[in-house]
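The values are calculated or read from the model by the stated rules, or taken from the named source; none is laboratory data. Bear in mind the structure is a predicted one, so any value in this text is a computation, not a measurement. A quick note on method: Cβ atoms are made from the backbone with ideal geometry, for glycine too, and the neighbour counts reach across all protein chains shown. All accessible areas refer to the heavy atoms of the entire protein, side chains included, with ligands and DNA or RNA removed. Shrake-Rupley method; radii C 1.70, N 1.55, O 1.52, S 1.80 Å.
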Amino acid sequence: MAFGDGGCGGQCADRLDLDFTMAFQPIVDVAGGAVWAHEALVRGTAGQGAGWVLGQVTDATRYAFDQSCRVKAIELAAALPMNGARLSINFLPNAVYKAEACIRATLAAARRTGFPTDRIIFEVTESERVVDHGHLKSIFSEYKRQGFLTAIDDFGSGYSGLNLLAEFQPDIIKLDMELTRSIDSERARRSIVKAILAVCEDLAITPIAEGVETVDEAKALRDLGVTLMQGYLFAKPAFEAVVTNPEMAALAP
């Protein structure tokens with residue numbers, strides 16, 4: 001599959017010749033017992049992991065890859081039984097040169113497939129070094145203006161932490177798995193997460209806990225007020241498919 005500049009105005013000089021697809025992992029609402037969203041995760045067409053795919057992306061092809069990931073995720077999601085759930089798409093902030101121009105392919109794919117833009121979430125990982133915070137803020141502002149939801153992924157794992165949150169407030173932050181791991185038995189993690197949740201409440205930000213693997217972790221997070229969770233406890237990523245009935249029986253009231 002060859003990807004050109006997609007209208008990037010000459011900002012990307014190369015083409016990406018790479019076949020890839022998506023797996024989808026649910027984000028569940030443990031309070032409502034339903035799937036809240038599905039995160040699109042890049043995969044090779046033979047099931048290779050994200051690292052294999054990303055390892056073939058260069059600085060010259062980063063823009064084309066980022067654009068193509070968005071379109072692929074929307075096209076696949078539109079053909080799957082999403083049942084009203086949201087679609088979460090990761091994007092590379094350093095690949096976006098001008099938000100209003102770079103969003104055109106996304107909007108076109110949503111219109112073509114009939115996927116509602118207000119059900120699309122754009123995640124930026126906090127562990128990727130952002131060269132220009134002002135640029136990222138302008139991207140988020142434009143995405144919000146277009147009706148998309150915005151999220152900081154892997155919050156607490158990366159370079160900026162609370163400094164990033166002080167510059168701009170997304171709709172969602174996803175707590176990194178290193179914060180949620182063993183939160184049921186480790187007081188320090190509970191205290192840190194509790195403080196982050198207080199900030200989220202004050203700034204009207206929705207928290208999601210990532211990497212939840214045990215019932216005890218999920219119960220501890222729920223006791224802290226987190227109701228949106230993602231992790232192997234509920235379901236592993238499904239290759240070109242969505243999990244419509246993730247495992248939540250152990251958390252039933």
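Annotations
- Accessible surface of segment 20-242 [probe 1.4 Å, protein heavy atoms]: carbon and sulfur percent: 48
- With R₀ set to 35 Å, the beta-carbon distance separating K236 from R145 gives a calculated FRET efficiency near 0.50.
- The value given for segment 20-242 is a Kirkwood hydrodynamic radius of 17.8 Å, derived from the mean inverse Cα-Cα separation.
- Radius of gyration, Dmax [segment 203-253; alpha carbons; angstrom]: 11.8, 35
- Between amide H atoms placed 1.01 Å from N, distances below 5 Å from I27 occur with W36, A37, H38, E39, all of them 5 or more places distant or on a separate chain.
- Sites H133 and T113, calculated FRET efficiency, Cβ-Cβ separation with R0 41 Å, nearest 0.05: 0.80
- Sequence ranges 20-32, 75-87, ranked by mean other-Cβ count within 10 angstrom, highest first: 20-32, 75-87
- Computed 3J(HN,Hα) for segment 133-147, one whole-Hz value per residue from the Karplus formula 6.51 cos²θ - 1.76 cosθ + 1.60 where θ = phi - 60°, is 5, x, 5, 5, 4, 5, 5, 4, 4, 5, 5, 5, 4, 7, x, glycine and proline marked x.
- Proximal lysines to K144, defined as alpha-carbon separation beneath 16 angstrom and excluding residues fewer than eight positions away on the same chain: K98
- Fraction of antiparallel bridges per DSSP, segment 20-242 only, in percent to nearest 5: 40
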